[in-house]
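Just so you know, all these numbers are worked out from the coordinates, no wet-lab data involved. Computed from a prediction, not measured in an experiment: that's the story for all the values here. Ideal geometry is used to build each Cβ from the backbone, glycine not excepted, and the neighbour counts take in all protein chains shown.
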2 protein chains.
Amino acid sequence: MSEEKLVWKGYAVHDTSRWDQLKLINFEPKRMEDYDIDIKIEYCGICGSDLHTITGGWGEDVMLPLIPGHEITGHVVRVGPAVTEFKVGQRVGVGAQICSCFECVPCKTDNENYCPDKVDTYNAKYPNGDIAWGGYGTAIRAHERFVFPIPDGMSLDHAAPFLCAGLTVFSPMIRNGLGPGKRLGVVGVGGLGHFAIQFGKALGAEVVVFSRSNSKEKDARELGASHFVATADENFADPWKLKLDLIICTADVSKGIPLNKLLTTLVVNGRFIMAALPDDHLPAINSFELANNGALLGGCHIGSKKEILEMFKVAVEKNVKSVIEVRPMKDVGQALQSVANNRVRYRMVLK
Amino acid sequence: MSEEKLVWKGYAVHDTSRWDQLKLINFEPKRMEDYDIDIKIEYCGICGSDLHTITGGWGEDVMLPLIPGHEITGHVVRVGPAVTEFKVGQRVGVGAQICSCFECVPCKTDNENYCPDKVDTYNAKYPNGDIAWGGYGTAIRAHERFVFPIPDGMSLDHAAPFLCAGLTVFSPMIRNGLGPGKRLGVVGVGGLGHFAIQFGKALGAEVVVFSRSNSKEKDARELGASHFVATADENFADPWKLKLDLIICTADVSKGIPLNKLLTTLVVNGRFIMAALPDDHLPAINSFELANNGALLGGCHIGSKKEILEMFKVAVEKNVKSVIEVRPMKDVGQALQSVANNRVRYRMVLK
């Protein structure tokens, strides 16, 4: 396949108070460098992060105009002279991180997702001042370290949500030793949660789902949950006391779901990992709530390239699939509204 | 040595608002059972927990009259018919836990300190209703699982503070993989902190101490700290960003020392363990503060018998010593005042 002349256009937010009124703009991609790859975008998932950012929920300091989107799949159309991993025509993806410093300890130990100088895929600038533009557009340019091959047999629309939602739950499972004989709690059944249930099962764990009401019980069980717990019941946690090795939380525990009760369900020295990043602070907890079972409350930020490759391998082997709704990119505003109103089961993907 | 007729007397708090006015009372020990041991108390350390409890800081639901104290050393004077581990005359200690259920998963996996039905050494009742009386007295009765031999060559006064303060920092070090090549942060230089510095060094780690001011720098270095950081400096955390594998926090981070800045000093997936149990809630944190480096914020509760035996072994081998001030038990009110006013360097022990 020969190189293709790319059009650099994208749907941009201009005002956080009118975050659903995106306009198509032309943009200048980052300057081309030797390890860069140009990708023609076919699909881009809508992540909760997109809404947190464009509404100003994570802070009003937003780089406007802003083209969001970081669950990107497409085809390579051009490779820089130093690129070794990819060829023109290859099916690839880009996630929520577009660059890092390459030099720090995290970068050198497969923890580039924790590089202090990481560059996010949008709402960010490169060290040279170039703007990072997201995936609600026609094309993206990225260093090859932050580009990932999409496995054969996985369609590009279904692959897109793995690049942020899938990875965000897969990485903490790997890092916290989930596997056969372990019991996983998944809090929330949504874009992240529907992956967490499947990956938990795929890794050999028994999966217990916590959700506000029973409305998603059938779906959760179909995705692989062995148990479903509605947290609206005041005593929901009691039967699970000291039973879960790991909890992956994909819901906003600052609202509705009581963090302190969830913590009681952990085994001694069990871990509760916040995969969601709510706008608000976590509820203040008392040291006793951690001391009772020696629980650990942790955070996480996407995952490394190594983990992305492993995730796709597990997904193919164990048949983990995204559950998506596809809409044309021109309807991005309505699509964002649907995500904001929790109407999507379980991930919106723009074409 | 023959069995000795014990006197069961102790200094009791009768009113949380007059917590320093203890009165000597007679008390009835728990009913003797087959695995029980009677110990004539020689020394009892004053733990921060004693003050949290008797002032009502941990809750006004205090079982009055209350004999506090859970850093107890003395001699065995009587053993029940099923006791195998101890003999009359032996030098022993009792810590902050006096019983557990023996049947649950934690109890059966050397995590009896996390047994949901554990019985604290004071301000607690046994399942049969008997009251657990603490160590500010003449004697204590305990199941042999919660009695520990004091190593030869360690005096009973110096041994006492190991049984809570020492163990409380030693256990999370072991559980979180501290060892050679690791860097440990210790927050606070007091009863717990002075042990944490020494045990960190004894286990082969490089120790960085965080304290509000420079007033304890000399002591901290003498105890084994390689670095000393005064947290009053607004930018204190910057030079330590992503540098510490583990932090053991022995200070109240709800006041003064900013938890969110301390979290930035952890390596990727590093751990911050609250060894102190402040009266107040921890400051509310934002998920981003954990996500930036994938940090884990954990709690802990004393340690297991297995860990106590290991702790004493390390202490003897590496010459870890408590720094104590000894006062007669009749002056317990003044001694408690000194602890409350942070005047003790670093542990008060009653004789």
Column: log10 I(q)/I(0), Debye, Cα scatterers of chain B, q = 0.07, 0.08, 0.12, 0.14 Å⁻¹: -0.28, -0.37, -0.84, -1.13
- request: Enter the Cα centre distance for the pair segment B:124-168 and segment A:308-339, rounded to the nearest angstrom.
  value: 58 Å
- line: Taking N as the number of residues in segment B:301-341, the ratio of its alpha carbon radius of gyration to 2.2 N^0.38 Å works out to 1.63
Most fluctuating residue given options B:P239, B:P106, B:P149, as computed from a GNM of chain B linking Cα atoms under 10 Å: B:P239
task: May I ask for the distance between the Cα centers of segment B:1-56 and segment A:51-94, given as a whole number of Å?
output: 66 Å
Which listed pairs, of B:K40/B:K351; A:K23/A:K321; B:K255/B:K321; A:K261/A:K321; B:K9/B:K305, have C-alpha distances above 20 Å, in listed order: A:K23/A:K321; B:K255/B:K321; A:K261/A:K321; B:K9/B:K305
message: What distance in nm separates the two pseudo spin-label positions at B:C101 and A:Y126, each 7 Å out from Cα along the beta-carbon direction?
response: 6.0 nm
- request: Per DSSP H run of at least 4 residues, take -39500 (n - 2.57); add these up for the protein assembly as shown, divide by its residues and hand me the 222 nm value, nearest 500 deg cm²/dmol.
  value: -6000 deg cm²/dmol
statement: Under the rule rounded for a/c under 1.5, else prolate if a/b exceeds b/c, else oblate, using alpha carbon gyration tensor axes a ≥ b ≥ c, segment B:86-141 is classed as oblate
Label-point separation, B:D110 to A:K306 (7 Å along Cα→Cβ), nm: 2.9 nm
- request: Once you've got the GNM for chain B with C-alpha springs shorter than 10 Å, pick whichever of B:D331, B:D152, B:D15 has the biggest mean-square fluctuation.
  value: B:D152
- prompt: Rounded to the nearest 0.05, what FRET efficiency is calculated for B:K40 and B:S213 with R0 set to 51 Å and r the Cβ-Cβ distance?
  reply: 0.75
- request: Show which aspartates and glutamates lie in cross-link reach of B:K182 when reach means a straight Cα distance below 12 angstrom and same-chain residues fewer than eight apart are skipped.
  value: B:E206, B:D245
statement: Over all Cα pairs of segment B:166-299, the Kirkwood radius sets Rh, and Rg/Rh then becomes 0.92
- request: Before anything else, pin down the relative contact order of segment A:154-280: Cα pairs under 8 Å, at least 6 apart, normalised by residue count, whole percent.
  value: 24 percent
- request: Using only the Cα atoms of segment A:12-87, build the gyration tensor, take square roots of its eigenvalues as a ≥ b ≥ c, and label the shape rounded, prolate or oblate: rounded if a/c is under 1.5, else prolate if a/b is larger than b/c, else oblate.
  value: prolate
field: Those aspartates and glutamates that a straight Cα-Cα span of less than 16 Å connects to A:K306, excepting residues fewer than 8 apart in one chain
entry: A:E85, A:D110, A:E112, A:E144
field: Cβ crowding within 10 Å averaged over residues, with B:159-165, A:137-143 ranked highest first
entry: B:159-165, A:137-143
task: Scale the Cα Rg of the protein assembly as shown by the rule-of-thumb value 2.2 N^0.38 Å and send over the ratio, two decimals.
output: 1.08
- prompt: Which FRET efficiency value, to the nearest 0.05, do you get for B:D238 and A:D117 by plugging their Cβ-Cβ distance into 1/(1 + (r/R0)^6) with R0 = 22 Å?
  reply: 0.90
